[in-house]
1. In segment 404-437, what residues are in contact (Cβ under 8 Å) with a residue 60 or more places away in the chain, under 18 Å from THR516 (Cβ atoms) and not aromatic (Phe, Trp, Tyr)?
2. Give me the residue from segment 128-147 that is among the hydrophobic types (A, V, I, L, M, F, W, C) and buried (at least 19 other Cβ atoms within 10 Å of the Cβ) and, out of that set, farthest from ALA56 (Cα to Cα).
3. Of all residues in segment 297-328, how many are within 14 Å of GLY268 (Cβ to Cβ), assigned to a loop (DSSP other than H, G, I, E, B) and over 19 Å from the mean Cα position of the chain (by Cα)?
4. Pairs please, first residue from segment 281-308 and over 28 Å from ILE425 (Cβ atoms) and among the small types (Gly, Ala, Ser), second anywhere and at pLDDT 95 or above and surrounded by fewer than 18 Cβ atoms within 10 Å (Cβ to Cβ), Cβ atoms under 9 Å, 6+ apart in sequence or on different chains.
5. Does at least one position in segment 187-195 carry a residue that is over 14 Å from the mean Cα position of the chain (by Cα), of a type in the set (S, T, N, Q) and surrounded by 20 or more Cβ atoms within 10 Å (Cβ to Cβ)?
6. Select from segment 127-144 the residues that are more than 28 Å from the chain's Cα centre (by Cα) and either closer than 24 Å to SER53 by Cβ or not in a loop (DSSP other than H, G, I, E, B) (or both) and list them in ascending order.
7. Any residue in segment 430-443 that is more than 25 Å from the chain's Cα centre (by Cα), at positive phi and of a type outside the set (Ser, Thr, Tyr)?
8. Does segment 128-154 hold any residues that are in contact with a Leu (Cβ under 8 Å, 6 or more places away or on another chain) and among the charged types (D, E, K, R), and which are they?
Amino acid sequence: MKKNQTFNVASYLPHMAEKMPTKKAVVFSQKGDSTGGNALTHLTFSQLNEESSLYASGLHKLGIEKGQRALLMVKPSPEFITLAFALFRMGAIPILIDPGMGLSNLLKCIKKVEPDALIAIPIVHFIKTFRRKIFLSIKNSITVGRKFFWEGTTLKAIREKGISDFLPVETKKDDPAAILFTSGSTGIPKGVLYQHGMFMAQVERIKSHYGICETDVDMPTFPLFALFSAAIGMTCVIPDMDPTKPAKVDPKKIVSDIKKYGVTTSFGSPAIWNRVGEYCVKHSLRLPSIKRILMAGAPVPEYVLKRFKNILSDNADTFTPYGATEALPIASISGTERLKTEAKSRAGAGTCVGKPLVGITIKIIKITDDPIPEWKESLLLKRGEKGEIVVKGDSVTREYFRMKEQTALAKISDDNTLWHRMGDIGYFDKNSRLWFCGRKDHKVITKNNTLFTIPCEAIFNRHPDVFRSALVGIGPKKDQQPIIIIEPKKGEMPRFLFRKQFVKELLEISRRFEHTKDITDVLFYQSFPVDIRHNVKVRREKLAQWAKKKMENRRKLTGDSRQ
């Protein structure tokens, strides 16, 4: 795309439609579509552009204008992609909230953002009917599917009133483009305000860093990434899965879609690729069409990366982009390189996430929980020192929508730019690679040391019967009692008589390492609670509450805090 074109991210569509009108833009592998009608099996770029125009002009005639906020709650489908581009096209601001966060958090997010319009499947309109106070700001309601007793119109009626040559409105680089909510897995859900220039910078950065081009066939298992597929000019295959439950994906369906459509690139949670990898190994399957698989959401386990070395072709690889909803991607590492760093990771060095991408600046600063209004060089730590990761660049977001306190905690002003505080702990090695050591909020401060989750958990994960572990702290904020919680491998949960032996073996391992030698309390948990978006981030806050109650009960019964 030429640099002198409009900064409206929807302008990619007319460009692609003119360049390759008959190429498939979206392929929908599921039975039926989100409207409850006949399945749209695919859309060409010409059709996607036309449908986007019809929806945009129809919504405009209804009264939705540039700058208005539209809550978009549609299942992964051609309609989702078309509607998102339609809203970009008309300069409206789509609001995307993960439905998996639960009804209570969902309603809080809607109330906070006060959308002007609602474009959603019937169940959302049903909820709106009985929770009217939450939806008081809604002026226009559009049902994607069959409308029943509630107010508003349907997407079908909107389309019938549209025109096929509605051009993208002029938007500036810093005009609002979308509000994307964080999952709330490590705090309250926050609405991240994206600008059109940020989206376009993301598209170009992803293309250039991973060598993605128009000849690729993409299968994004996270719905939002389907928009990048279309913008780049790839065919996008929408997989047959529930995106709110990636850990429960049917690997057979994923593999079937990859083979059927010749998928060359895909993005998804490590939880998905763990299941797909297991399935491929069990059935002696390879995926020769795949060039690259991007895995993100949490550190990818070593065994997942190793599996795919034998599943993918020799010239293909896995990649782990590092970032967050507020800034993605900012660094990346290939599976091949990651495996070379695993010996250090197993010894407690953290997880290597690679080097910063071109155009992205990453620094390490002193750890503090306080706001940092202005950038100072005195904040910086030396290479090798662990501190908070901060980042700036043209794809890094500048604020949370209507959340001044959270914005102040997350941003640092630096003349005309802003640094985003990732809320993660890390450091740079001598090769200028960034290492991730865990969330800042998950650090455990004891009398003698400050412990970080990833380096400590790696030591306990060395035990052959441990699936994963979680470090938590209980007690006073700066004098916490460190506790390691173990999720054993399936079938390895120890009975009471064998638990002492398991603990003894774990502590024998931990005493070999300086940073874990003082962790002496071990608890066991059947299956860790995880985040709703990727199903892989351990919810340590919830485990810490459980551990506190467990230890209090133990003291009452035995007077001893140990296993």
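The values are calculated or read from the model by the stated rules, or taken from the named source; none is laboratory data. Model, not experiment: these values are computed from the prediction. All Cβ positions, even for glycine, are placed from backbone atoms using ideal geometry, and neighbour counts span all protein chains on display.
1. Across segment 404-437, the qualifying residue is only CYS437.
2. Quick first cut of segment 128-147, residues among the hydrophobic types (A, V, I, L, M, F, W, C) only: 130, 134-136, 138, 142, 144.
Still in the list and also buried (at least 19 other Cβ atoms within 10 Å of the Cβ): 135, 138, 142, 144.
Values: PHE135: 23, ILE138: 18, ILE142: 13, VAL144: 14 Å.
Checking each candidate, the answer is PHE135.
3. The number of residues fulfilling the criteria is 0.
4. Close Cβ pairs (under 9 Å, with a partner that is at pLDDT 95 or above and surrounded by fewer than 18 Cβ atoms within 10 Å (Cβ to Cβ)) amount to SER289/LYS259; SER289/GLY262; SER289/SER313.
5. Yes, there is a match, as at least one residue in segment 187-195 is over 14 Å from the mean Cα position of the chain (by Cα), of a type in the set (S, T, N, Q) and surrounded by 20 or more Cβ atoms within 10 Å (Cβ to Cβ).
6. Result: THR129, PHE130, ARG132, LYS133, LYS139, ASN140, SER141.
7. There is no residue in segment 430-443 that is more than 25 Å from the chain's Cα centre (by Cα), at positive phi and of a type outside the set (Ser, Thr, Tyr).
8. Across segment 128-154, the qualifying residues are LYS128, ARG131.
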